[in-house]
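The values are calculated or read from the model by the stated rules, or taken from the named source; none is laboratory data. On a predicted model such as this, the values are computed, not experimentally measured, just so you know. Cβ placement follows ideal geometry from the backbone for every residue including glycine, while neighbour counts extend to all protein chains displayed. All accessible areas refer to the heavy atoms of the entire protein, side chains included, with ligands and DNA or RNA removed. Shrake-Rupley method; radii C 1.70, N 1.55, O 1.52, S 1.80 Å.
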Amino acid sequence: MELYGYPLKAKFNQPRPPPPKVLPASNVAAGYKNRIPYNPESFTMPWMPNSYYKAAALNPTLSSLTESFPGLPPTKMIPFISERPSGVFTRHTLDDWHRSNMTNYKESETTRHNAERLRADLTRTIKDVYQQAKRTQGESTKNLGERINDIEYWKSELCIELDAMIRETNSLMDMQKRLERALADTEGPFQVAHKCLLNREKRMGIDLVNDDVEKQLVTEIKIIRSCRERLQQCLDTVNAQIMCNKEARQELEKDLADKQLGHHIDNKCYQLKNTSRGIHFFKGVERIDATVSVPETWARFTDNNIFRSQSARAASAKLRASTESLLMGTADEMWRQFSKVNDAFTSRITEIANAKSKIQTHLAKTRQEIFQLETKIQVIQKTIRDKEVQLKVAQTRLDERSRRPNVELCRDAAQLRLVQEVNEINETLRNLHQCLRASEDMLQMLVRSKGVLEHDLVVKNNSLFIDQERCMGMRKSYPSTVQILGYVSAGLT
């Protein structure tokens, strides 16, 4: 019997409604057969036989008996006569009542048996779960302990490598400072050589020659520039190596910091127990896979960091040795070229002084010849002016005779002579002009030669001043290369 809903006493203590006058026949067997003793959907209603609801669902009618028994004549219909008092109505038989009780007993026994079996299963399951949880927690604790030991080992390796990397980086930074000072000290000789070239660029004319001084200065600049480039390249390599060392150091420090944090977290997890404080539920945390490595890749990552640091330290030590050799080599090379340039300057100054004296001699002779040729040109110009006056007279006569009237325009001897005179004067003027042009051209050549000699003399004076005063004066008063060589030697000692 179901015990859901209202109690039977509360339901049937209410006054029963009056029975209908005519009720249909009750099919008890069908009602019992279709009875459903347990219906989960009827939790809100009191328990009653299913036939009650089916019978109650029928609407009683007051129609005549002919409608209730179709097919029979009215005279043969048996009238319905109730033998019970008014208001008494039986819904089930006694067999139905006993049968319903037996059914409820069997259902109760079956339910109790299932409950006992379920309790036994639950007891066994709880015991298994407890043992499994204890075993699983013990394995997790053991794995955490092993993990802590691994982290401590790699922490010690990282600390050793980190100390070695710091020492090597400091040594390389000292070499970086020496390289920077040496590179800055090469600026002086480079500026001296460059200024010598710029000053020699101020030479004029033919003295802008690619002489031995020029070649030696260019070679010196190339050597200094090559040394500067090698020093700069070495400095860049040192800077790159320092950056590489710093990157390796940062990786080591980051890895060490991660190891320390991981060691702290795993140690905290290792010490957690069922009775520890601060344990909570984190629903769904097991479904979140935030891992980024496995033990093999984890160990390989730290090993790669240590190997990268060791490789960087080896490269750094090798670089420091090569830098020492480079400093000595560049200083010696620059000093030898500095001496060659000074020797070339001394020879060139002697050559320019000899050329200057020869130019002065030729210039004096050229000036004398120019004076004589200018006198001849003045005579030719006077002769041309005289002939031009004669030409004007002859041409004026011919023009006036062209105005004679009619037959007076006669080709007489005077006419013929005037035409001949004009032609002769024109021919003479052409010859005189040719002589004048030739003389003027020669004068121009002499003047040009004079100008060339004068310009060449100025050029030689200028070149002598540049090489002797500016360049050699600057080179003799600037012993920068000696300082560099002394500095490098002192640095090596």
Checked pairs for segment 291-306, first among the aromatic types (Phe, Trp, Tyr), second open to solvent by less than 100 Å² (accessible area, probe 1.4 Å) and in a loop (DSSP other than H, G, I, E, B), C-beta under 9 Å and 6 or more apart or across chains, list as 301/293
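Could you check segment 289-308 and list, in sequence order, the residues that are of a type in the set (A, V, I, L, M, F, W, C) and open to solvent by less than 80 Å² (accessible area, probe 1.4 Å)? Steps first, please.
Step one: of segment 289-308, the residues of a type in the set (A, V, I, L, M, F, W, C) are 290, 292, 294, 298-299, 301, 306-307.
Hits for segment 289-308 are 294, 298, 299, 306.
Just to be sure, is residue 458 under 30 Å from residue 220 (Cα atoms) and either without any contact (Cβ under 8 Å) to a residue 24 or more places away in the chain or part of a helix (DSSP H, G or I) (or both)?
Working: under 30 Å from residue 220 (Cα atoms): yes; either without any contact (Cβ under 8 Å) to a residue 24 or more places away in the chain or part of a helix (DSSP H, G or I) (or both): yes.
The answer is yes for residue 458.
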State whether one or more residues within segment 405-419 are over 60 Å from the mean Cα position of the chain (by Cα), among the β-branched types (Val, Ile, Thr) and open to solvent by less than 70 Å² (accessible area, probe 1.4 Å). yes
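Under the condition of being in contact with a Leu (Cβ under 8 Å, 6 or more places away or on another chain) and of a type in the set (A, V, I, L, M, F, W, C), which residue from segment 202-237 is most open to solvent (accessible area, probe 1.4 Å)?
So in segment 202-237, the residues in contact with a Leu (Cβ under 8 Å, 6 or more places away or on another chain) come out as 214, 217-218, 221, 228, 230-232, 234-235, 237.
Cutting the leftovers down to of a type in the set (A, V, I, L, M, F, W, C) gives us 217-218, 221, 231, 234-235.
Details: 217: 0, 218: 50, 221: 11, 231: 3, 234: 13, 235: 13 Å².
Of everything passing the filter in segment 202-237, 218 is most open to solvent (accessible area, probe 1.4 Å).
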Please verify whether residue 104 is surrounded by 10 or more Cβ atoms within 10 Å (Cβ to Cβ), more than 30 Å from residue 303 (Cα to Cα) and touching a residue at least 40 places away in the same chain (Cβ under 8 Å), treating the condition exactly as stated. yes
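If I go through segment 162-211 residue by residue, how many of them are assigned to a helix (DSSP H, G or I) and of a type in the set (Val, Ile, Thr)?
The first filter runs over segment 162-211 and keeps only residues assigned to a helix (DSSP H, G or I), leaving 162-185, 187-201, 205-207.
Filter once more, keeping what is of a type in the set (Val, Ile, Thr): 166, 169, 192, 206.
Residues meeting the conditions: 4.
Listed here are the residues, each with its yes/no results for (1) hydrophobic (A, V, I, L, M, F, W, C); (2) modelled with pLDDT of 90 or more; (3) under 30 Å from residue 439 (Cβ atoms).
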position	(1), (2), (3)
288	yes, no, no
300	no, yes, no
306	yes, yes, no
314	yes, yes, no
323	no, yes, no
360	no, no, yes
Looking only at segment 471-493, filter to residues that are out of contact with any Cys (no Cβ under 8 Å at 6 or more places or on another chain) and modelled with pLDDT of 65 or more; which one of those is surrounded by the most Cβ atoms within 10 Å (Cβ to Cβ)? 472
Within the bounds of segment 247-254, is there any residue that is out of contact with any Leu (no Cβ under 7 Å at 6 or more places or on another chain), more than 30 Å from residue 144 (Cα to Cα), assigned to a helix (DSSP H, G or I) and open to solvent by less than 60 Å² (accessible area, probe 1.4 Å)? no
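Of everything in segment 144-186, what is touching a residue at least 60 places away in the same chain (Cβ under 8 Å), among the hydrophobic types (A, V, I, L, M, F, W, C), farther than 22 Å from residue 253 by Cβ and open to solvent by 20 Å² or more (accessible area, probe 1.4 Å)? Give them in sequence order.
Filtering segment 144-186 for residues touching a residue at least 60 places away in the same chain (Cβ under 8 Å) gives 144-145, 147-148, 150-152, 154-155, 157-159, 161-162, 164-166, 168-169, 171-173, 175-176, 178-179, 181-182, 185-186.
Applying the additional criterion that residues be among the hydrophobic types (A, V, I, L, M, F, W, C) yields 144, 148, 151, 154, 158-159, 162, 164-166, 172-173, 175, 179, 182.
Narrowing further to those that are farther than 22 Å from residue 253 by Cβ: 144, 175, 179, 182.
Once the filter is applied, which keeps residues that are touching a residue at least 60 places away in the same chain (Cβ under 8 Å), among the hydrophobic types (A, V, I, L, M, F, W, C), farther than 22 Å from residue 253 by Cβ and open to solvent by 20 Å² or more (accessible area, probe 1.4 Å), segment 144-186 yields only 144.
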Taking the conditions exactly as written (out of contact with any Gly (no Cβ under 7 Å at 6 or more places or on another chain) and outside any helix (DSSP H, G or I)), does residue 309 satisfy them or not? no
Would you please list the contacts, defined by Cβ atoms under 7 Å and residues six or more apart or on different chains, that run from a residue in segment 333-349 that is open to solvent by 30 Å² or more (accessible area, probe 1.4 Å) to a residue that is in a helix (DSSP H, G or I) and of a type in the set (Ser, Thr, Tyr)? 335/481
Every listed condition ((1) over 31 Å from the mean Cα position of the chain (by Cα); (2) surrounded by 14 or more Cβ atoms within 10 Å (Cβ to Cβ); (3) farther than 30 Å from residue 138 by Cα) holds for residue 357 save (2)
Among residues belonging to segment 432-454 that are among the hydrophobic types (A, V, I, L, M, F, W, C) and free of Cβ contacts under 8 Å to residues at least 24 places away in the same chain, point out the one that is most open to solvent (accessible area, probe 1.4 Å). 445
Odd one out for residue 345 among (1) among the aromatic types (Phe, Trp, Tyr); (2) over 30 Å from residue 452 (Cβ atoms); (3) at pLDDT 90 or above: (2)
Is there a residue being open to solvent by 60 Å² or more (accessible area, probe 1.4 Å), of a type in the set (D, E, K, R) and either modelled with pLDDT of 85 or more or closer than 22 Å to residue 361 by Cβ (or both) anywhere in segment 455-463? no
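Anything in segment 216-246 that is free of Cβ contacts under 8 Å to residues at least 40 places away in the same chain and not β-branched (Val, Ile, Thr)? List them, or say none. Outline the logic, then answer.
Going through segment 216-246, the residues free of Cβ contacts under 8 Å to residues at least 40 places away in the same chain turn out to be 218, 221-222, 225-226, 229, 233, 236, 240, 243.
Listed by number, the residues that qualify are 222, 225, 226, 229, 233, 236, 240, 243.
Is segment 279-288 home to any residue that is of a type outside the set (S, T, N, Q), open to solvent by 60 Å² or more (accessible area, probe 1.4 Å) and within 23 Å of residue 231 (Cα to Cα)? Can you show your working first?
Taking segment 279-288 first, the residues of a type outside the set (S, T, N, Q) are 279-288.
Keeping just the survivors that are open to solvent by 60 Å² or more (accessible area, probe 1.4 Å) gives 279-283, 285-288.
Checking which are within 23 Å of residue 231 (Cα to Cα) leaves us with none.
No, because not a single residue in segment 279-288 is of a type outside the set (S, T, N, Q), open to solvent by 60 Å² or more (accessible area, probe 1.4 Å) and within 23 Å of residue 231 (Cα to Cα).
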